[in-house]
Amino acid sequence: MNYQKEIQINTAVGSVKSKGLPAALWALTISAFGIGTTEFVIVGLLPTVAGDLGITIPSAGLLVSLYAIGVAIGAPILTALTGKVPRKILLVSIMLLFVIGNGLASIAPGFITLVLARILTGFAHGVYFSIGSTIAASLVPEEKRATAISIMFAGLTLAIVTGVPLGTFIGQHFGWRATFIGVSILGMIGLVASLLLVPNNLKNGKTASIKSQFKVLGNKRLIFAFLMTATGYGGTFVVFTYLSPILQKITGFQESTVTFILLVYGIAIALGNLIGGKVANKNPLKALLWMFAAQGLTLLAFYFTVNSPVLSIITLFFLGALSFATVPGLQLLVVQIAEKELPGTEDVASGINIAAFNIGIAIGSYAGGLIVTSSLGLGSTPWIGALFLVITVLITIISIRLSKKAN
């Protein structure tokens, strides 16, 4: 698949591209903002939801892990099943499903129905970022593909900067249901943006069948790339899922202060995502190795600084910058490997990598729940997360060796 020829852009969009970024890329970013908000806002609302529904915080943590399972299912499987659907129609349909899922979450009578609504929304998330990554990469010259992917994912990280703190504030003062109503409104804005900014004549890539997924999963280099994604994000979410309880119960911050800290953390994530995209453009594997190593050391440092209000915020800033800096590099790496070794499977490889992200999130948040309820307790989540990153660094080193052999 030639990404520079995958999408034929109409004259209006072409004029925008000649001046700067394609308008369609902004539509992807706007929708990513809404999707990112619904995925991560639950982190700030765990104590609120647990108290309202009469469940434990680890049980509420399942709203993170089971949502991630929905994404993991939606990304590869639904991406393959919708391969023949025109791209614009698919994008709009996904956002409609997103709006419905969050609307159902806002009126869920109990924990089970809330979980089901979250899983439904996760389906939309998986397909969106799967096809969105390849569309974003196709809109720019080859040397700027990681940057384009990082800009789309900047919508996701911007959601952590503004959407999560604002959603947490709304949930703390007006109830968590009000937060999901607000997210539904964000989804409608994303839907309208897709209708207005995405060209009608987006060209479908080759249809990615279920069979092609087995081809992708049989490629050794791609398997190691997926493992890097899963273990890297597993380590992040061991801590991130329970960040609000950690800051309140261990560091000693008030609930209102945690909202501000989430804002600082989100700013760091946005900066890290953009920087990570730039440094990964030329050699994603080398950049990923250093970023994963630095992330592991920062997680370990958080174990020692978590009791200090000042040092914990400083550590969290660096942790936020590193945690999501690897997203564009990982996506670009998968696309490059698929393009070279299994032409025509770029979409499905990207979809499986989105699934790997969320399998990591599910494993990390579930592991965090086990740690919280064990004798280790909340305070042990940072060093457990660091162990995940040690494994990730080793996997990355093996991937570099495989890459050298392939070349």
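The values are calculated or read from the model by the stated rules, or taken from the named source; none is laboratory data. Quick caveat, the model's predicted, so the values are computed rather than measured. Heads up, the Cβs are rebuilt from the backbone with ideal geometry, glycines too, and the neighbour counts pull from every protein chain shown. For accessibility, only protein heavy atoms count, side chains too; no ligands or nucleic acids. Shrake-Rupley method; radii C 1.70, N 1.55, O 1.52, S 1.80 Å.
Mind checking which residues of region 53-71 are out of contact with any Phe, Trp or Tyr (no Cβ under 9 Å at 6 or more places or on another chain) and open to solvent by 10 Å² or more (accessible area, probe 1.4 Å)?
Thr56, Leu66, Ile69
Please enumerate the residues belonging to region 349-398 that are open to solvent by less than 20 Å² (accessible area, probe 1.4 Å) and free of Cβ contacts under 8 Å to residues at least 60 places away in the same chain.
Matches in region 349-398: Gly377 only.
So which helices (runs of 4 or more DSSP H) stay within region 229-327 end to end and still have 3 or more residues that are within 16 Å of the chain's Cα centre (by Cα)?
Correct list: 255-279, 309-323.
Hey, could you check region 31-52 for residues that are farther than 30 Å from Leu195 by Cα and in contact (Cβ under 8 Å) with a residue 12 or more places away in the chain and say which is surrounded by the fewest Cβ atoms within 10 Å (Cβ to Cβ)?
Ranking the qualifying residues of region 31-52, first place goes to Asp52.
So Gly232 fits all but one of (1) open to solvent by 10 Å² or more (accessible area, probe 1.4 Å); (2) at pLDDT 90 or above; (3) not acidic (Asp, Glu); what number is the exception?
Condition (1) is where Gly232 drops out.
Determine which single condition Gly377 fails, assuming it passes every other condition in (1) out of contact with any Gly (no Cβ under 7 Å at 6 or more places or on another chain); (2) at negative phi.
All conditions are met except number (2).
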